[in-house]
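Trainee: Below are the C-alpha cells for one structure; questions will follow.
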Amino acid sequence: MGQPDTAPLDTAVFADSGAVTVAPVESLLAEDHKYDNGRAVDLSWVPSIDDQLVDSKALGYRVYRIVDGGEADSLADLPPFAAAFTDGSVERGHSYVYFVSALSPSGEFPSVHTAPVKPEREWINLSRGWLFLIMLFISAAVIFFVETARRGKKLFVRKIAGLEAIDDAVGRATEMGRPVLFIPGISDMDDVETLAALTILGRVSRTIADYDSKIFMPVSRSLVMTAARETLKASYQSAGRPDAYSDDMVNYVTDEQFGYVAAVDGLMAREKPATVFLLGAFFAESLILAETGNSVGAIQIAGTARPAQLPFFIAACDFTLIGEELFAASAYLSGEPRMLGSLKGQDVGKALAMIVILVGVVAMTMSEAWDVGVMENLRAWLVRVFSTS
Amino acid sequence: MEHFALWLGAFLTLGILSFLYKDNAWYKLSEAVFVGISAGFWFATLFWDNLVGKFWDGKGEEPMLWVGAALGLLMLFRLLPKVGWLSRWPLAFIVGATSGLWLMNYLASNIMSQVQATILPVFSSGFGAGFDADLATIVGNLVIFVGTFTGLVYFFFSKEHKGVFGGAARVGIFFIMITFGASFGYTVMSRMSLLIGRIDFLLGDWLGMIG
C-alpha cells in the first residue's frame, strides 16, 4: 500500500478571510469489504475535532471517490459524527481512491487521500464459520438418526393431531361419495412449504388411491402442476392402481393470486368436496379459501409456516399444522427411516437452541446484574458464535 | 372507452361480490373472465420478461442463462411419452437447490438470529454494575425468554407432552395463540383496507357518490 497523498486543492472550496474553518477528518482508511463478491469498499475515519455536540462548526461530511486515477466524484453527503461509509457501487478490476471533506458553512476541508483499493471476491465467507459448524453438527445428528432408524431401531415421534385426522378425513370423503380438494398454496417449487405440501400429498393421495376416492387439485404454478402430477402418479402406482390416475386430477388455473382464489371458490361451491387440504404457502387468500371450505361443510386440514395466515386457519379449519408441524408431517406420515431420522436430527438442533438460550440468559443476567466476569465472557462468546452477520 | 372500462370493472366487481349470496351465473362469468385474462396476462408477462427480457437479450453476457434455458427445455419433454422422464431433471434440480439454499437461510434466521436475540437479562438486582434496565424491560425480556423457550418445547417432537415437559409445551402454545390473536386483529384491519378500496371504486369512481 502506498502512502496517501494530499487532496488536490481544486477539489476543496475554501472560503475567503473570516471563513469558518474546520479541521479535516483523520486516519481515513479504505478497505475491501470482507467476504463479499467484490462489490463494496468500507471507509472509516476519525471525525473532525471541530465536530462537536455544542457550537459545532462541522455541518457534516462529503465522501469523494476517484476511479482508476480519473476525476473525483462526490459519492455521498453524511451527517455530523459520521465515521464510516460503505461504497456499494464498486466493481472488480478497478482501482478506487477516496477522500472525505468536512463541511462547514464556508466550504469543504478535504482529508488526505486513501491508498488505492481494489475490491476482491472471496469464495469462502469465513465470518460464517460457526454457522457452518452448527450446520455440520445438525447434519451429523440427522445422519446418525437416519442410520439408527435404518438399523431397525424404532424412533419415537409424538402424535400430531392434524395428521391423525388425515385417514378419517379421506374416509369421510369416500363414504359421502364426494371428492377431496388439495390446495398446495400459491408459491412455486422454490418455496420449502410447497415442497412439504407435496410430500404430504404423496401420503394423502396414497390413501385416496387405496380408498378409491376422488381428488382434484387446482394449482397456481405450472411447475407445481408438473410436480404434483408426478407425485400423484407415483402414489397411484405404489397403491397398485396406476389405471385410476389421470392428469386431469391436477390442473393449472392462473398465476394471479385472486384469480386463482375466485376459481377455487367456485370449484368448492360446485363440487362440494367432503375434505379440503390447505397445505403450503398462503397469503391474503387464506381466509377466503378456508371460509368457503367451511361454508360447503368440508372437513378442513390446514398447515402453513406463515405466521400472519395461521390465525385464519386456526379460526376456520378443523385441524391446523402450525409452522414446524407442517415440515414434520411428511416424516411422521411416511414413517420412513430417512425422514424420521431427519426429524429427530432437527430436534437435536432445537435442543441445542434451548440449551444455548438457557445458558445465555443465565450468563447475561449474572453478568449484567452482578458483574460476574466469567459470565460476561461466556455471554459474549455465545453472542459471537450465534451472530450471522 | 374509459366509461366502458369503468362500467365493466363495476359489473365484474359486483359479479365477484355476488358469491357472498351464492354461486350463480354472474359469478361464474366474472370468475371465467378473471381467470382467463389473468392467465393470459401471466403468460405474456413471463414470455416477455423471462424468455425475451432475461434469456434472449442477455444470453451473450451471462452463460448461466443457457443452463436455465436447457432445464426449461427439458420440461417440454413431458409432451413426448418415451423421453418424458427427462422432465424430472429440472424438477429435481429445483427441489435440490431450493432445499440447499433454504437450509442455510433457515438456520441463520430461524435458529442463529433467534437464539442470539433471546439472550437477554431477566433480573435486576438493583446494585449490579452497569445494569440500568427498568421493570418494563425486565418483564419484556422475561416474556421473550419464556415464550421462545416454551415455544421450542412445543415444537419438540421427540418427547411426549407429559409432566413438566407437557406443562412447558402448554405454556408455549399459550404464547403462540396470544401471538396469533394479535396477528388476527392486525391482519383483519389490513383486509378491511382491501374492502374499502373496492367500495371506494364502486361509490366513488363508478357512481360518483363520494369525492
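Nothing in this text is a laboratory measurement; each read-out follows from the coordinates by a stated rule. The shown structure was predicted, so the numbers you read here are calculated from the model rather than taken from an experiment. Cβ: placed from backbone, ideal geometry, glycine included. Neighbour counts: every protein chain shown.
Trainee: Which value in nm describes the separation of the simple spin-label points at B:LEU79 and A:GLU31, placed 7 Å from the Cα toward the beta carbon?
Mentor: So the two model labels end up 5.7 nm from each other.
Trainee: For the residues A:ILE49, A:ILE183, what sequence is obtained by ranking on other C-beta atoms within 10 Å, fewest first?
Mentor: A:ILE49, A:ILE183
Trainee: Per 0.36 nm of contour for each residue apart, how much would the distance between A:GLU376 and A:SER139 grow if the chain were fully extended, relative to their Cα-Cα spacing?
Mentor: 82.3 nm
Trainee: Ranked by Cβ crowding within 10 angstrom, fewest neighbours first, how are A:VAL22, B:VAL122 ordered?
Mentor: Fewest to most other Cβ atoms nearby, the residues stand as B:VAL122, A:VAL22.
Trainee: What is the distance in Å between the Cα centroid of segment A:127-141 and that of segment B:49-113?
Mentor: 26 Å
Trainee: Calculate the length of the line joining the C-alpha centroid of segment B:163-190 to that of segment A:241-277, in whole Å.
Mentor: Between the Cα centre of segment B:163-190 and that of segment A:241-277, the gap is 32 Å.
Trainee: Still on this structure, I have one more. For a 28 Å ceiling on Cα separation, which of these pairs sit above it: A:LYS159/A:LYS350; A:LYS233/A:LYS272; A:LYS153/A:LYS214; B:LYS28/B:LYS54; A:LYS214/B:LYS28; A:LYS153/A:LYS233?
Mentor: A:LYS153/A:LYS214; B:LYS28/B:LYS54; A:LYS153/A:LYS233
Trainee: If you don't mind, there's one more thing I want to ask. Cut-off under 14 Å on the C-alpha distance; same-chain residues fewer than 8 positions from A:LYS34 excluded. Which aspartates and glutamates are left, in chain and number order?
Mentor: A:ASP42, A:ASP87, A:GLU120, A:GLU122
Trainee: Another question, then. How much space per residue, in cubic angstrom, does the convex hull of the C-alpha atoms of chain B take up?
Mentor: 336 Å³
Trainee: Dipole size in debye (nearest 20) for the protein assembly as shown around its Cα centre, Lys and Arg Cβ +1, Asp and Glu Cβ -1?
Mentor: Magnitude of the dipole: close to 3120 debye.
Trainee: While we're on this one: 222 nm [θ] for chain B, helices only, -39500 (n - 2.57) per DSSP H run of 4+, per residue, to 500?
Mentor: It lands at -21500 deg cm²/dmol.
Trainee: About the Cα centre of segment A:9-110, how large is the charge dipole given +1 on each Lys and Arg Cβ and -1 on each Asp and Glu Cβ? Please answer in debye to the nearest 20.
Mentor: Dipole size: approximately 160 debye.
Trainee: Hey, fewest Cβ within 10 Å first, where do A:LEU279, A:LEU28 land in order?
Mentor: So the residues, fewest neighbours to most, are A:LEU28, A:LEU279.
Trainee: Also, quick follow-up: Just tell me which lysines come within less than 29 Å, Cα to Cα, of B:LYS59; anything on the same chain fewer than 8 places away is out.
Mentor: A:LYS118
Trainee: Take A:LEU126 and B:SER18, extend 7 Å from each Cα along the Cα→Cβ direction, and tell me the distance between the two endpoints in nm.
Mentor: 7.0 nm
Trainee: So, in Å, what gap is there between the alpha-carbon centers of segment A:51-94 and segment A:301-364?
Mentor: Segment A:51-94 and segment A:301-364 have Cα centres separated by 47 Å.
Trainee: Here is a follow-up. Of A:ALA149, A:GLY129, A:ILE186, whose Cα points farthest to the positive end of the dipole of segment A:116-201 (charges on the beta-carbon: +1 Lys, Arg; -1 Asp, Glu; origin at the Cα centre)?
Mentor: Final value for the positive-end residue is A:ALA149.
Trainee: Mind giving me the FRET efficiency for A:ASP243 and B:THR45? R0 is 41 Å, r the Cβ-Cβ distance, nearest 0.05 is fine.
Mentor: 0.60
Trainee: Do any trypsin sites (Lys or Arg not before Pro) in segment B:1-83 lie in a loop, going by DSSP, with at most 16 other beta-carbon atoms within 10 Å of their beta carbon, and if so which?
Mentor: B:LYS22, B:LYS59
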